[in-house]
Amino acid sequence: METGKLLAIVEVAQARRFACQAAGCGRTVFRQLYVVHSEGIIVLGAGCYRKMLGTEVSARPLHGTPDVRRLTERECSLLAENPAQLMAEFDAGHASAFGALSARPSPREATPRARTPRLPIWTRRQFGAQAEKEVEAQYGRSSDLKGWRSLVDLRIRELADRVTASKA
C-alpha cells in the first residue's frame, strides 16, 4: 500500500468497532483509528498505520491535533457510511474534529474557581479541635493528612453556623 496522508485520529465506542481496512488485516479497532487518504479514504488500526508508514509516522493529521478524539454517534455513522463527507465537515468547520479541546477555555480565559473565604482565627480556635475529632472519627483518617484539611474546615463552618443560628 502506498504511503498516504493522515487525515484524522479518532476513537469510537467499543460497541461500534471498525474493521481495519489494511490489505489482509480485518482486525476490529476502536481506540486509535487512523483515517488515511490512500487510494480513497480508509480506516486503519495503529499497528497497520505504523506498518504502512514505517518509521515516518506523521504526528500531525490534516484535521485537528495529534490527540485522539472520540466521535459522536452521528460522526461514527458518517465515518462508516461516507468518510469523505465527514472529513469535508471537519475541514469546513461544521463538525470540529477536536471540538472538545476547542470548547475548553484557554488558560487565559479560565474561569476562576469558587474560593471559600478563610475562616476567622477565633472560629478555628473555638471549633477546630472538635471538628478534627469528628472528621477523624467519621472517616478513620488523620485530619492532618494532605487533602483532609478542607473537610475539617467545612466541619468548622458547620459548627459555627449552627451556633450562630441557635443564637438568632
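We did not get these values from a lab; they are worked out from the coordinates using the rules stated. Predicted model only: the values in this text are computed from it and were never measured. Glycine also receives a Cβ, built like all others from the backbone with ideal geometry; neighbour counts cover every protein chain displayed.
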Highest average packing first - 41-50, 26-35, 68-77, Cβ atoms within 10 Å: 41-50, 26-35, 68-77
Inter-site label distance for His37 and Arg70 at 7 Å from Cα along Cβ, in nm: 2.9 nm
